[in-house]
Amino acid sequence: MTRWWPLLLMPALLAALHLLLPAAPLIELQRGDPGLATLLLTEIRLPRTLLALGYGAVIGMTGAALQALFANPLASPDITGSSSGAALGAVLGGYWFGIVNPLALAGWGAGGAAVALLALLLLAGRRAEGATMLLAGLAIALAAGAATSLMLALAPSPFAFYDAFDWLMGSFVDRSLPQTAAALVPATLACAFLARHARALDLMALGDDVAASTGFAPRRITVQVVVLSAIAVGTCVSVCGAIGFVGLLAPFVARRITRGHPGRALLPAAVIGATLMILADLALRLGPPGRAIPVGVLTTVAGTPLFLWIVVTMRRGVTS
């Protein structure tokens, strides 16, 4: 803990900047209408800041947990298909069954993520090699993505696809405080329980027999990690859409901070994920005005080279 705790200062500082910048509109409103300035700060900027901070922490921690569980550096929420499954669940709930309550919609997202992770376990298993994991995860993600597009195209509302475009690409814009609570309260609780499995995940990396000999039940822990990760990812995706590669990059950095201990990497990965996500959204907010680029586009562009590097590194390790 003493080695990485200063990292906590970074997301806190960025969150303050994210809330206050750009400062010119706030200063102008404060001079003319202080009540409107407060409304801008609490009703528009605060949900966006909290969601960027919380979503980043969630996919950072769940990415580290899934990578520890599957013993594979590619097992992030987006690569395993859990994000795509959550998006499919949210689309089914929102556009086909008319779910409007944010908490109920978050439940649909969590259910979709759980189905995707269980499908990955059935297709690839927990100790699958890199190629098998990658192919199984991509197959699930592609199938869920295609099903999501089909559900939107056939939805009762003819404008469903256009209405969901920004959300599908990942965005924190125009989210309310109730939506923020619906996403982050269940996700925070799930991550708190997930963090309690840090030692078990460290031991399971040495083998299920080692974990069992110390009193842990690997099968039960596997189910709990899958369910908790599904709840955390699904609730956030249902509100903000699927945002890729932060759940791959944050655990990658965290494992180096913790010297390769997958369980100990959970909390540092959450801090790094929050930092990366809020930094990405802050960069978009301070960019050229009038160009609403979803944050998921930026994280994907930044994360693709890392993903390719990991795949090449794994391939070299297999062939050498």
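The values are calculated or read from the model by the stated rules, or taken from the named source; none is laboratory data. Source: prediction; values computed, not measured. All Cβ positions, glycine included, derive from the backbone under ideal geometry; neighbour counts span all protein chains shown. Note: areas computed on protein heavy atoms with side chains; ligands, DNA, RNA excluded. Shrake-Rupley method; radii C 1.70, N 1.55, O 1.52, S 1.80 Å.
Just a few scattered comments:
- The range 31-65 versus the range 168-240: alpha-carbon centroid distance in Å: 21
- Descending by average beta-carbon neighbour count within 10 Å, the peptides 202-213, 228-239 line up as 228-239, 202-213, the highest first.
- Under-5 Å amide H pairs with G263, H placed in peptide plane, nonlocal only: D202
- Rolling a 1.4 Å probe over the protein heavy atoms leaves D163 with an accessible area of roughly 110 Å².
- The chain: calculated mean residue ellipticity at 222 nm from DSSP helix runs of at least 4, using -39500 (n - 2.57): -24000 deg cm²/dmol
- Kirkwood analysis of the range 61-220, using all unique Cα-Cα pairs, places the hydrodynamic radius at 16.9 Å.
- About the Cα centre, charge dipole magnitude for the range 173-254 (Lys/Arg +1, Asp/Glu -1 at Cβ), debye: 140
- Stretching the chain fully between R196 and R31 yields a gain of 54.6 nm (0.36 nm per residue, less the alpha carbon separation).
- Span-like helix ranges in the chain, DSSP H, alpha carbon extent 24 angstrom or more, Kyte mean at least 1.0: 46-70, 102-124, 130-153, 177-195, 218-240, 266-285, 295-319
- Percent RCO, i.e. relative contact order, over the range 155-246, from Cα pairs under 8 Å lying at least 6 residues apart: 49
- Taking the Kirkwood radius as Rh and the Cα radius of gyration as Rg, the range 65-154 has a ratio of Rg/Rh equal to 1.03.
- Assuming charge only on the beta carbon of Lys and Arg (+1) and of Asp and Glu (-1), the dipole of the range 99-255 about its Cα centre is about 400 debye to the nearest 20.
- The chain: relative contact order as a whole-number percent, Cα under 8 Å and 6+ apart: 31
- Residues of the range 80-106 falling in the label zone of L177, defined by backbone nitrogen less than 17 Å from a point 7 Å along Cα to beta-carbon, are 102-103.
- Sequence-separation-based contact order of the range 117-276, relative, with Cα cut under 8 Å and 6+ spacing, percent: 25
- Full-extension gain in nm, L189 to I293, via 0.36 nm per residue minus C-alpha separation: 34.4 nm
- On the basis of the beta-carbon distance and an R0 of 22 Å, F165 and L21 show a calculated FRET efficiency of 0.25.
- Å² of accessible area per residue within the range 64-180, as computed with a 1.4 Å probe and no ligands counted: 43
- In terms of its C-alpha gyration tensor, the range 216-294 comes out oblate, because a/c is 1.5 or above while a/b does not outweigh b/c.
- Over all distinct Cα-Cα pairs of the range 148-302, the Kirkwood formula returns a hydrodynamic radius of 17.5 Å.
- GNM on the chain, alpha-carbon springs under 10 angstrom: the most fluctuating residue among P178, P11, P305 is P305.
- Size of electric dipole in the chain: Cβ of Lys, Arg +1 and of Asp, Glu -1, about Cα centre, debye, nearest 20: 880
- Rh (Kirkwood; distinct C-alpha pairs) - the chain, Å: 19.8
- Top of P218, P156, P186 by mean-square fluctuation, Gaussian network on the chain, Cα under 10 Å: P156
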